[in-house]
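All remarks here apply to the structure that follows.
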Amino acid sequence: MTQWMHMSQMILCLPDDTVNNLYPPTAFPIEVRQFLAEWLESQRWEDFSLENMEQESQAQTLLDQSITLLRTIAQQNNNVVYRMKLMQISRNMTMFQSQPLQFAVMVRDILRKERVLLATPAPMPMPNPPQYPQYPNRESSFPNMQDVDHLVLKVLEVQDIRQKIHQQQEDLNWERQNYEGLQGPIQQNGMDPANSEIQKLQNHIQQLEYNMKAMATKRFQLLKECVDCLDQCQSRLISRLKSWRWEQHKATIGHPFDDNLNPLQTWCEQLLGVNGKLRQELMLIAEPIPELQERLGKLVQILIQSSLVVDRQPPQVIKTQSKFSTTVRYLLGEKVAPGKPVVLKAQIINELQARNLGSIPGDNVGELINNTAVLEHNTASKSTCATFRNMSIKKIKRADRKGSESVTEEKFALLFSTEITITGCDTPYRIQMISLPVVVIVHGSQDNNALATIIWDCAFSEPDRVPFVVPERVPWRMMCSTLNSKFTSEVQTQHNLVEYNQIFLAQKIFDQPDFSDDFSNSLVSWAQFNKEVLPGRPFTFWQWFEGVMELTKKHLKTYWSEGLIFGFIGKQHLHLILKDRPNGTFLLRFSDSEIGGITIAYVSASENGGQKIQNIQPFTKKDLEIRSLGDRIRDINHITHLYPESPKHEVFKKFYSAEPQTSASHGYIPVSLHTKVGTEADSASPPASLAESPRNNVFSVHPFPQPFSPQEPMDSAHSGNFSPHPPVYTDNIPSNMDLDFDSLLQTPLSNSLFSD
């Protein structure tokens, strides 16, 4: 048995000391140990690997069969404590349902270790068990399981007392019959009624009656305790279900979210089973206890109605006449009475209807297509779901808007409902659940503003709110945290917005000068976020921020993640950090005058022999699709060192794409794109640093002669003058702007393509 010690501990997922105290290896079922060994041997367990996803089905089979075998052995065992221990083991093993390969790999590692130990020739002390990674034990989703175990043990004790009372009643009936049988001979023969045998029989009958009354009293007390405990456990379950929905809601803005519902489903099923057993026990009592029966009936109704969950939410911005999908899961699916299929219906409701779900529904506010789905059980995943695959909103009826409220600020929800019958329950129950709030749009141009409504709702709504109330103003610290969470999750990066980024964003949304006071407790309004345009700009704060986020997500993720982009930085801060740097020092920042643009700010020599800071016209999504940021940085000869002093070719070399081949292909002369800035384009010769790469598309561009105007945006676009050349294709023309107002240097971007 020694070689199975680690196996037992792994399967239990408990600390070693707990395992040794509660589950000695010799107590672990020999049938399961033999099954695991034989199964793994037949499946070439040495080959199991986390990277080999093809083995996942094998690992899942191993896990499912092990759990089934454990539960079968538990149900067949008469020892209550041992049965409970085995059921706890099987429940712990379900924690691996989302990661069966890790289960198989852990078993593989254990067997390897045991093989080494068994091959050791001389006796030696058993080393400490190997330290395996601690996988989540789902305590957050499966809180206080000791209470559930305690409840199940109490129910078993009630059943045991009932069986003993029944046995005592049978004994009492037998003894009474014997006593009545002796009464006749005593009266006929004139025997003394007080003789020892008769007296002994009377005493025994009295003792049995006393014992039965005592057990009946204890049984009643235990039943009441069980109902109280069930109420408490179910309250925790309902609370955890609400927390799961709340975490799902927050996941929209990037908060971490574990969507595994299996532990909650197990808990729902256990509580339903306990409720059924307690209702049976109450039926078997000679004198009914209406109070407990009523409480159990109410608890089972709440449990059945609370077990419907929107597993996969519909899109929170839905365009009419467009297909979308959603999945609803019923956590008590295995307990649904067989026979009649359960059909869920979806309908769209507005805020007022969402606040009055218990009342009679009002007018139909929208027409949904493909709005019904059947609850279907998946034996592999042990889940029961209804999937709406091709749903669509055909039309929508909007409420009267107040003041300047936009259609993209109106929130709806999908309501899922059905009637369901659970095995062991006499009456069907009406169950329903609403989705997270959604915004319905009719054109893609509304998408950005609709998303702002959803972000504000997800970030700043309170738990258990009245649908769909959300504050009009929130502290900047909350807004800043939301922006950071959304940015990092959308870009899929670990690189957060640093302090100077946050300061710049605050200055922008509050329209305050650089280095103002702390904004942490300043209140940001919904209007400042996405209703009022920024000063001097034709767009709102959210429209600008979302544009930057999209650009970074699609074209700048690696640059941002490696800290190569300063990003959100104010003008004064930019001057402070660059003013003493050598010419050619540059940094990358997001444009504050264009949606979705990134610009290069660099130090260059001014006309009077000093220094000035210039900004190249921002590169947008379209620009970076034509030529990557790394290649554009390589092209620009004016910039040499990334702030503070990193040579650009060392930092950005891995982002450079291969140069085009110079040999003719299919009779065509090869062409290449090249970025030119300011006076670089005055010369028809390629930069010396790029002489080894022949190019065919260089032409000169002259800077603007007029001075910089303070009213003009720092990095706004200007047109340039081109010298005559053969036929060319021109891309965007970027321009340089002097932040110290000395002069204006036009910096066009030139791309020429020669055709045959």
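The values are calculated or read from the model by the stated rules, or taken from the named source; none is laboratory data. Here the structure is a predicted model, which is why all the values come from computation and not from measurement. Positions of Cβ are backbone-derived with ideal geometry, glycine not excepted, and every protein chain shown enters the neighbour counts. For accessibility, only protein heavy atoms count, side chains too; no ligands or nucleic acids. Shrake-Rupley method; radii C 1.70, N 1.55, O 1.52, S 1.80 Å.
Listed values, structure above:
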quantity: Proximal lysines to K200, defined as alpha-carbon separation beneath 23 angstrom and excluding residues fewer than eight positions away on the same chain; calculated: K164, K213
quantity: Accessible heavy-atom area order of Y559, Y668, highest first, probe of 1.4 Å; calculated: Y668, Y559
quantity: Förster radius 22 Å - calculated FRET efficiency between F220 and Q76 (Cβ-Cβ, nearest 0.05); calculated: 0.10
quantity: Residues whose placed amide H lies under 5 Å from that of Q611, excluding near-sequence neighbours; calculated: S606
quantity: Full-stretch length increase - H377, E472 - with 0.36 nm per residue and alpha-carbon distance subtracted; calculated: 29.9 nm
quantity: Using a Förster distance of 30 Å, the FRET efficiency for E645-I669 (Cβ separation, nearest 0.05); calculated: 0.15
quantity: Two-site label geometry, R355 and F257: point separation in nm, points 7 Å out along Cα→Cβ; calculated: 2.5
quantity: Cβ-based net charge around C226, under 10 Å, with every Lys or Arg adding one and every Asp or Glu removing one; calculated: -2
quantity: Residues with amide H under 5 Å from that of T540, placed H, sequence gap 5 or more; calculated: L534
quantity: Computed lengthening from K200 to S657, 0.36 nm per intervening residue step minus Cα-Cα distance; calculated: 154.1 nm
quantity: Length gained when the stretch Q494-F510 is fully extended (0.36 nm per residue, less Cα-Cα span); calculated: 3.0 nm
quantity: Cβ-derived FRET efficiency at R0 56 Å, L284 paired with S445, nearest 0.05; calculated: 0.25
quantity: S525 versus D228: modelled label distance in nm, points set 7 Å from Cα along the beta carbon direction; calculated: 5.4
quantity: Proximal lysines to K85, defined as alpha-carbon separation beneath 18 angstrom and excluding residues fewer than eight positions away on the same chain; calculated: K154
quantity: Pairs from K242/K394; K508/K654; K557/K612; K250/K557 whose Cα-Cα separation, in the structure shown, is over 27 Å; calculated: K242/K394; K508/K654; K557/K612
